[in-house]
Amino acid sequence: MVRLKTFVPALLAALCCASAHAAAAPPKLIVAIAVDQLSASLFEQYRGSFSGGLARLADEGVVFANGYQSHAATETCPGHSTLLSGRHPSATGIVANDWWAADGGKVYCVQDDTTTVPGRAQGRGPANLRVSTLGEWLHAADAASRTIAVSGKDRAAIMMAGHDPTAVYWWDDELGFNTYVAPGQSAERRLAPVAAFNDELARRWAKAPPQWQPLGARCAALQGTRRYGDLTLDHRVPPPLTLDAGKPLREDRNFQKWMAASPILDAITLELAARLVDQFELGARGAVDLLAISLSATDKIGHRYGNQGPEMCDQLAHLDRDLGAFLARLDARKIPYLVVLSADHGALDAAERVATRGVAAVRIDDDKLVPALNRTLRAQLKLDFEPLFGDAQQLYVAARADAKQRAAIVAAAREALRKNPDVFAVYGKREALAARPPRDRPADELTLLERFAESTDAQRSGDLLVAWQPYRSFGMPSKAGDTIAGHGSPWNYDRRVPILFWWPGAHGFEQSLPIETVDIAPTLAALVGIATPPLDGVCRDLDRGLASTCVHSTNLPARP
């Protein structure tokens, strides 16, 4: 785990990126917002309909319409790990939402056995994150700085918060907003800032379940019944909900799944975030504070209903409205603040709907891939064990294979996969590790192998990395499932995301040329005048017509 050395004030003054900020006062609160699964194409599709918070950021702020999660592993945990660290997943160590240990055991990206989570059996925390983040740099520059993170997902909040944040919270379907507790900490004390809010929600919902109220009529044109595999969905807003009679909402699995894939999740996340600003006096104490918010409903709705139906249309209308209300609450506090908004990845709509709109999309049953490949390899190489484990995009050779067997397994598996017409390319881990692109290569010009290189870690990545043909979707929807669409490919529909900066008095402009999400952290560091460790991203000039945002200089070294 990486930490920064204590900064000597004189050295800091000499090395930090200075900024002539366009606002009347330098920001004392940085609000970093990630909208989970907000692709650049989805942002562009609905941009003209925004009139609230998203409209304020897009119309008055600095808009990089072609931002990139430039790596191949376009999943929630890797994407969030780049947003405030300035590092690619190859450096953060967060190569996927899950990876596999040498013994074949699956490792969740925020699994942390040194911590506890109240009411849960497994610990969560930032132990797997190998780099420092913006919140840590702020605290190193000023010990009074506070970092607060809140999200609908544990992995999103934890990745944006970094190590040792002031507080971090995520939505737990049964328990309300929860957190992790490090050794020596009190669970009651850690949960105290959200206890009253959780109780209030429980009382409010006990009187009447929360409602998904449609905003406007424009989304109604997208309604209709569609079939996905063995699953038929009645696409309408609000989606149908059947409650389990007599069961409290927090214990009703039908309600939990419905609520998590609704605008209600973002609404309560933003409501809590506004209250935490007051509780922790963010931006009001002299130090520069960080509030990291990851809004998860867009992702959950995209997975459950796809991104081209009435559910997503109405979700973005709610997001725009609720974000506007949140920003208005910040305005009322008279705090000098700055907002940056981006996403952890994009997504492809459900294959069946894509296929009706001019693109030949294909659905693949990935559950059968590894077993079928292992049967082929066992017969071909005369093995008495299962040679591979992992998933469709990342395959590991079994630990019991000796060096000769390992080489033969990798070679035979590559050959077998290359014969699959749905496979575009197969790379070895060593091949990816040797292919790191130059820092100045535009994100949209990276080769496919270079995209994988930015996601590959020597210890955690698979021995074989598989790129499937574009417009391939994994998973076969069924009546028991709740996913019809996904992401995770190295293709641009999953990589391309918007990046927006806004602050009061910003001299807004639009830049269509590509930048990367790893550029966010060094740009924010420059805006508030703090030093950073060596980063993959670069500072981006935001002040049109004024002095340059970025004064590039040697970065301070990270603590080993």
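Considering only the stretch 106-126, how many residues are over 16 Å from MET160 (Cβ atoms) and either outside any loop (DSSP other than H, G, I, E, B) or not assigned by TED's automatic domain parsing to the domain that holds LYS153 (or both)?
5
Determine if the stretch 547-558 includes at least one residue that is crowded, with 18+ Cβ neighbours inside 10 Å, modelled with pLDDT of 95 or more and on the phi < 0 side of the Ramachandran plot.
No, the stretch 547-558 contains no residue that is crowded, with 18+ Cβ neighbours inside 10 Å, modelled with pLDDT of 95 or more and on the phi < 0 side of the Ramachandran plot.
In the list ASP164, ASP103, which residue meets the criterion of being among the acidic types (Asp, Glu), in a loop (DSSP other than H, G, I, E, B) and in contact with a strand residue (DSSP E or B) (Cβ under 9 Å, 6 or more places away or on another chain)?
Only one candidate passes the filter, namely ASP164.
Against the condition touching a residue at least 12 places away in the same chain (Cβ under 8 Å) and outside any helix (DSSP H, G or I), how does LEU338 come out, does it pass? Reasoning before the result, please.
Working: touching a residue at least 12 places away in the same chain (Cβ under 8 Å): yes; outside any helix (DSSP H, G or I): yes.
In short, yes.
Kindly state which helices (runs of 4 or more DSSP H) lie completely within the stretch 399-486 and contain at least 3 residues that are small (Gly, Ala, Ser). Can you show your working first?
Values: elements: 403-418, 429-433, 448-453.
Of the helices (runs of 4 or more DSSP H) lying wholly inside the stretch 399-486, those with at least 3 residues that are small (Gly, Ala, Ser) span 403-418.
Restricting to the stretch 222-252, what's the tally of residues that are of a type in the set (D, E, K, R) and free of Cβ contacts under 8 Å to residues at least 40 places away in the same chain? Steps first, please.
Taking the stretch 222-252 and keeping what is of a type in the set (D, E, K, R), we get 226-227, 230, 234, 236, 244, 247, 250-252.
From what's left, free of Cβ contacts under 8 Å to residues at least 40 places away in the same chain: 234, 244, 247, 252.
Residues flagged as of a type in the set (D, E, K, R) and free of Cβ contacts under 8 Å to residues at least 40 places away in the same chain within the stretch 222-252 amount to 4.
Kindly list the number of the only condition in (1) within 23 Å of TYR337 (Cα to Cα); (2) surrounded by fewer than 23 Cβ atoms within 10 Å (Cβ to Cβ) that fails for ASP482.
Evaluating ASP482 over (1) within 23 Å of TYR337 (Cα to Cα); (2) surrounded by fewer than 23 Cβ atoms within 10 Å (Cβ to Cβ) leaves (1) as the failure.
Does LEU448 fit the bill of being at pLDDT 95 or above and out of contact with any helix residue (DSSP H, G or I) (no Cβ under 6 Å at 6 or more places or on another chain)?
yes
Is at least one residue of the stretch 53-72 among the hydroxyl-bearing types (Ser, Thr, Tyr), closer than 14 Å to TRP491 by Cβ and out of contact with any strand residue (DSSP E or B) (no Cβ under 8 Å at 6 or more places or on another chain)? Give the derivation first.
To start, the set of residues in the stretch 53-72 that are among the hydroxyl-bearing types (Ser, Thr, Tyr) comprises 68, 70.
Narrowing further to those that are closer than 14 Å to TRP491 by Cβ: 68, 70.
In the following step, the residues that additionally are out of contact with any strand residue (DSSP E or B) (no Cβ under 8 Å at 6 or more places or on another chain) were identified as none.
There is no residue in the stretch 53-72 that is among the hydroxyl-bearing types (Ser, Thr, Tyr), closer than 14 Å to TRP491 by Cβ and out of contact with any strand residue (DSSP E or B) (no Cβ under 8 Å at 6 or more places or on another chain).
What's the number of the only condition in (1) under 30 Å from PRO498 (Cα atoms); (2) modelled with pLDDT under 95; (3) under 26 Å from the mean Cα position of the chain (by Cα) that ASP367 fails to meet?
(1)
Exactly one of (1) surrounded by 21 or more Cβ atoms within 10 Å (Cβ to Cβ); (2) more than 21 Å from the chain's Cα centre (by Cα); (3) not β-branched (Val, Ile, Thr) is unmet by ALA328. Its number?
Unmet for ALA328, out of (1) surrounded by 21 or more Cβ atoms within 10 Å (Cβ to Cβ); (2) more than 21 Å from the chain's Cα centre (by Cα); (3) not β-branched (Val, Ile, Thr): (1).
Considering each of ALA372, ALA328 in turn, give the residue that is among the hydrophobic types (A, V, I, L, M, F, W, C), within 30 Å of LEU500 (Cβ to Cβ) and part of a helix (DSSP H, G or I). It would help to see each step written out before you state the result.
Values: ALA372 fails: within 30 Å of LEU500 (Cβ to Cβ).
The conditions single out ALA328.
Restricting attention to the stretch 426-446, report how many residues are of a type outside the set (Val, Ile, Thr), closer than 28 Å to ARG363 by Cβ, buried (at least 17 other Cβ atoms within 10 Å of the Cβ) and touching a residue at least 40 places away in the same chain (Cβ under 8 Å).
2
Do you know which residues across the stretch 20-39 are closer than 20 Å to ASP289 by Cβ and either modelled with pLDDT of 50 or more or buried (at least 24 other Cβ atoms within 10 Å of the Cβ) (or both)?
Matches in the stretch 20-39: ALA25, PRO26, PRO27, LYS28, LEU29, ILE30, VAL31, ALA32, ILE33, ALA34.
Which of the residues that make up the stretch 40-64 are surrounded by 23 or more Cβ atoms within 10 Å (Cβ to Cβ) and out of contact with any helix residue (DSSP H, G or I) (no Cβ under 9 Å at 6 or more places or on another chain)?
VAL62 - this is the single residue of the stretch 40-64 that is surrounded by 23 or more Cβ atoms within 10 Å (Cβ to Cβ) and out of contact with any helix residue (DSSP H, G or I) (no Cβ under 9 Å at 6 or more places or on another chain).
Condition (residue is closer than 25 Å to ALA273 by Cβ, assigned by TED's automatic domain parsing to the domain that holds GLY125 and of a type in the set (A, V, I, L, M)) applied to the stretch 217-231: is it met by at least one residue? Full working, then the answer.
Taking the stretch 217-231 as the starting set, the residues that turn out to be closer than 25 Å to ALA273 by Cβ are none.
Within the stretch 217-231, none of the residues are closer than 25 Å to ALA273 by Cβ, assigned by TED's automatic domain parsing to the domain that holds GLY125 and of a type in the set (A, V, I, L, M).
Mind checking which residues of the stretch 391-412 are surrounded by 18 or more Cβ atoms within 10 Å (Cβ to Cβ), among the hydrophobic types (A, V, I, L, M, F, W, C) and closer than 25 Å to ILE94 by Cα?
If the condition is that a residue be surrounded by 18 or more Cβ atoms within 10 Å (Cβ to Cβ), among the hydrophobic types (A, V, I, L, M, F, W, C) and closer than 25 Å to ILE94 by Cα, then ALA392, LEU395, VAL397, ALA398, VAL410 are the ones that fit.
Being in the same structural domain as TRP99 (by TED's automatic domain parsing), surrounded by 15 or more Cβ atoms within 10 Å (Cβ to Cβ) and not aromatic (Phe, Trp, Tyr) narrows it down to one of LEU369, LEU348, LEU383, so name that one.
LEU348
Quick check: is even one residue across the stretch 319-328 on the phi < 0 side of the Ramachandran plot and of a type in the set (Lys, Arg)? First the steps, then the outcome.
At the first step, the residues of the stretch 319-328 found to be on the phi < 0 side of the Ramachandran plot are 319-328.
If we keep only those that are of a type in the set (Lys, Arg) as well, we get 321.
So far as the stretch 319-328 goes, yes, one or more of its residues are on the phi < 0 side of the Ramachandran plot and of a type in the set (Lys, Arg).
Confirm whether ASP463 is at pLDDT 95 or above, over 28 Å from ALA360 (Cβ atoms) and touching a Lys or Arg at 6+ places or on another chain (Cβ under 6 Å). Steps first, answer last, please.
Values: at pLDDT 95 or above: yes; over 28 Å from ALA360 (Cβ atoms): yes; touching a Lys or Arg at 6+ places or on another chain (Cβ under 6 Å): yes.
The answer is yes for ASP463.
Of everything in the stretch 487-513, what is buried (at least 21 other Cβ atoms within 10 Å of the Cβ) and assigned to a loop (DSSP other than H, G, I, E, B)? Give them in sequence order.
Selection gives HIS487, GLY488, SER489, PRO490, TRP491, TRP503.
The values are calculated or read from the model by the stated rules, or taken from the named source; none is laboratory data. Source: prediction; values computed, not measured. No Cβ is skipped: glycine too gets one built from the backbone with ideal geometry, and neighbour counts run over all protein chains shown.
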